[in-house]
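A short worksheet on the structure shown next.
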Amino acid sequence: PLERAWALGNSKNKGLETRSYCFVLDHGLSAAGVWLKAIAAPVTAPATVILNDKGKKAAAAEVSDRVNRGEQVLAVDLLFTGDGAPQKPGPSDYTQMLASVGERPLGMEAAQLVGLARWLSKISGGRQVRLETTGIRSQVAARVAAALEPGLFSAVVVRDGMPSLRHLLDAPVEYQDAPDLFCLDLFKEFDLDRLAEMAMPGGRESR
């Protein structure tokens, strides 16, 4: 769960309110996020979490679209993504180290996402949270999170995703490009359609 949301800065400009956060979770790792909404929008406005494999800075168009619809938005970089990605050594080195001690980076990312969605739900008046992703890494983290917490998300919208985890082997996807998705026994037990079924009736996916 989320232990603390540290507000790092805020602004109100041209009708837009923003707050930057460092989110500290109970496993000791953090996530970076920016919360945004139109100043005129109520604090109980519908809420969307936005993830992008290239980081939250690459999600400007999606963020703008949801804010213009009157929503509040949390654009976030989970572990190993965007501002949450270590530079030296790189993410693939860290995922290998975590795997060597029995941790699953994908599970850690999903746990971060659940904690952040619960926080956003709480500050927006207990609403279900909409989830929007771009890229295969964000897609899988979102699918796992939604399967773990079926009632948390009102919808899961996927852009530039993949139809099956088999894509990782068929493409093939290099380990360095998506190290968190090479998760021990994940392919053996699950695929994206099964994860989506586990998330029903709370979530639905579109591409």
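In nm, what is the difference between 0.36 nm times the number of residues separating Arg4 and Leu148 and their Cα-Cα distance?
Numbers: separation 144, 0.36 × 144 = 51.84 nm, distance 2.15 nm.
Gain on extension, Arg4 to Leu148, equals 49.7 nm.
How about segment 35-80: which trypsin sites (Lys or Arg not before Pro) there lie in a loop by DSSP and see at most 13 other Cβ atoms within 10 Å? Mind dumping the intermediate values first?
Values: sites: Lys37, Lys54, Lys56, Lys57, Arg66, Arg69; in loops: Lys54, Arg69.
Qualifying residues, ordered by number: Arg69.
In terms of packing, defined here as the mean over residues of other Cβ atoms within 10 angstrom, the peptides 138-151, 12-25 line up highest first as 138-151, 12-25.
Within 11 Å, Cβ to Cβ, of Ala117, how many net charges do the neighbouring residues add up to if Lys/Arg are +1 and Asp/Glu are -1? Please list the in-between numbers first.
Working: positive: Arg118, Lys122, Arg127, Arg130; negative: Glu149.
Charge balance near Ala117 sits at +3.
Shown is the FRET efficiency for Ile123 and His167, computed with R0 = 45 Å from the Cβ-Cβ distance and rounded to the nearest 0.05: 0.80.
Suppose R0 equals 30 Å. What FRET efficiency, 1/(1 + (r/R0)^6) with r the Cβ-Cβ distance, do Asp177 and Ala155 give to the nearest 0.05?
Working: r = 27 Å, r/R0 = 0.91.
FRET efficiency, Asp177 to Ala155: 0.65.
Charge tally for Thr95 (other residues, Cβ to Cβ under 14 Å; Lys, Arg +1; Asp, Glu -1): -4.
Estimated from the Cβ-Cβ distance and a Förster radius of 25 angstrom, the FRET efficiency linking Met200 and Lys12 is about 0.05.
Which listed residue (Ala45, Ala155, Gln139) has the Cα farthest towards the positive end of the charge dipole for the chain, taking +1 on Lys and Arg C-beta and -1 on Asp and Glu C-beta about the Cα centre? Towards the positive end, the residue furthest out is Ala45. Work out the charge dipole of segment 22-127 with +1 on the Cβ of Lys and Arg and -1 on the Cβ of Asp and Glu about the Cα centre, then indicate which of Met108, Leu98, Cys22 is farthest towards its positive end. Farthest towards the positive end: Cys22.
Mind ordering 179-187, 105-113 by average Cβ neighbours within 10 Å, highest first? Before the final figure, lay out each step's value.
Working: 179-187: 17.4, 105-113: 23.2.
Peptide ranking by packing, descending: 105-113, 179-187.
Extending 7 Å from Cα along the Cβ direction at Asp65 and again at Glu189 yields two label points whose distance is 3.4 nm. Taking every C-alpha pair closer than 8 Å and separated by at least 6 residues, the mean separation divided by the residue count of segment 17-140 gives a relative contact order of 30 percent. Does segment 63-182 come out rounded, prolate or oblate, given a ≥ b ≥ c as the square roots of the eigenvalues of its C-alpha gyration tensor, rounded meaning a/c under 1.5 and, failing that, prolate meaning a/b above b/c? Cα axes put segment 63-182 in the prolate bin.
Pairs of lysine residues in the chain that meet both criteria, 8 or more places apart or on different chains and Cα atoms under 24 Å apart, total 15.
Rolling a 1.4 angstrom probe over the protein heavy atoms with all chains in place gives the chain an accessible area of 49 Å² per residue. Here the accessible area of the chain is 52 percent carbon and sulfur, with a 1.4 angstrom probe and all protein chains present.
Normalising by the residue count of the chain, find the relative contact order in percent from Cα pairs under 8 Å and 6+ residues apart.
About 18 percent, as a whole number.
The values are calculated or read from the model by the stated rules, or taken from the named source; none is laboratory data. Because the structure is predicted, anything quoted here is derived from the model rather than measured. Note that we place each Cβ from the backbone using ideal geometry, even for glycine, and neighbour counts take in every protein chain shown. Just the protein is used for accessible areas: all its heavy atoms, side chains included, with ligands, DNA and RNA removed. Shrake-Rupley method; radii C 1.70, N 1.55, O 1.52, S 1.80 Å.
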